[in-house]
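The structure appears right after this line, and notes come after that.
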Amino acid sequence: MDRLTLVAALAALTPLSAGAIAPPLDRRDPTGYTGPTTSGPTQTTDPLSTIVATPFTVQAYPNTELWQNSTTPKSESVALNILSRTGQKNDTAPLLYGWMFEDIDVRSPKNPFTQRIRTHNPQHSGDGGIYAELIQNRAFQGSGAVLGNLPGIPGTSVLESENPTIPFGPTLGAYRAIGDVRLSLDIIHPLSDALRTVMQVDIRENATGEAGFLNEGWYGMDVSPQQYNASFYILADMRNVNQPQPKSIDVSLRSNLTGEVWTTVSIPVTQNISTFSYTQFSTIINNNVTAPNANNSFAITFDAAQMQGTTFYFDLISLFPETYKNRTNGLRKDLAQNFKDLNPKFLRFPGGNNIEGLSPSTRWKWFETIG
């Protein structure tokens with residue numbers, strides 16, 4: 001990062017009021033904390049350029065959350081007048097203009113010096129962002145935890161965990177049962193060597209009406225007139241030799257607020273669902289409805305009266321809207337088109353600390369995730 005970018009970034013992220021220009025960022029402290037309130041000259045000079053900044057004061061806050069919760073007066077903006085040595089604008093190399101992809105982790109609200117690490121990052125740059133998949137936690141691969149320091153214990157400890165038993169372990173996050181159904185996690189019937197945790201769906205013996213589950217997506221789902229591609233893998237329970245087979249499986253988009261079903265597709269089951277290997281079902285949902293808000297979900301259901309006392313295992317549940325250039329497993333049309341329109345020359349991926357993992361064995365082995 002050059003000096004100009006460093007000063008501009010610091011100016012944008014720190015509280016401003018009448019006083020002095022920001023001191024150089026102390027690279028020895030990753031939070032950017034540079035000590036008490038600092039006053040100084042309103043102009044800095046180096047051999048290449050002059051940066052003239054609107055006067056301001058930098059308070060000693062390690063992050064914007066503490067600043068936003070403070071009572072320090074804040075200005076709306078800071079103006080920078082950047083001049084070259086000759087007074088002329090410098091040309092920027094055309095290959096230096098591009099995108100830096102990064103899921104930035106956030107701080108725990110209880111302690112700004114702890115780090116919140118999530119498999120599905122709260123910023124959702126990838127999952128729930130540019131990646132068009134609408135299902136959250138589609139393959140039960142992990143969950144979030146908060147890391148930090150505990151008194152008297154050296155190193156980093158787990159302070160909070162979505163999975164209370166196994167930090168970062170799988171959960172049923174984003175799923176809810178529909179009807180008289182029990183949902184649980186299962187590791188005895190893995191879909192593959194890579195996807196070893198699945199969801200067990202038990203329909204009780206006296207169930208009536210609908211029976212199944214829904215997924216709430218990434219804080220809801222956009223329901224608008226377009227085609228959606230839905231798919232999932234299912235396995236029947238071999239322990240129940242008399243288990244009935246469904247005549248069809250329904251997939252639907254529905255409102256979380258009113259329960260109204262926007263659109264439904266019934267997938268016919270023409271042969272018995274295997275108890276030995278998973279069967280993939282897929283369908284296209286042609287939706288003509290515009291939901292009034294994004295508080296919607298995707299549901300998979302059975303006729304409960306037909307399926308009383310049955311058990312099924314589900315994994316890799318997926319729902320895609322129309323994607324950029326109609327690519328399978330593709331990107332969101334709106335975001336990808338905006339990125340293309342900016343005509344970037346490079347993409348930095350992955351960003352931040354994603355590649356190192358929390359331990360040597362959990363580092364990102366990128367060569368195992370492509371192809």
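Which entries in LYS345/LYS365; LYS333/LYS365; LYS247/LYS325 show an alpha-carbon gap greater than 32 Å?
Working: LYS345/LYS365 26 Å; LYS333/LYS365 29 Å; LYS247/LYS325 35 Å.
Among LYS345/LYS365; LYS333/LYS365; LYS247/LYS325, the Cα-Cα distance tops 32 Å for LYS247/LYS325.
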(message) Skipping prolines and chain starts, which residues have an amide H placed within reach, meaning under 5 Å, of the one on LEU185, given they are 5 or more residues away or on another chain?
(response) GLN200
(message) For region 175-322, compute Rg over Rh where Rg is the Cα radius of gyration and Rh is the Kirkwood radius from the inverse mean 1/r over Cα pairs.
(response) 0.96
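Taken together, the values in this text are just the output of simple stated rules run on the coordinates, not laboratory data. Worth saying up front: this structure is predicted, and the values here are computed from it rather than measured.
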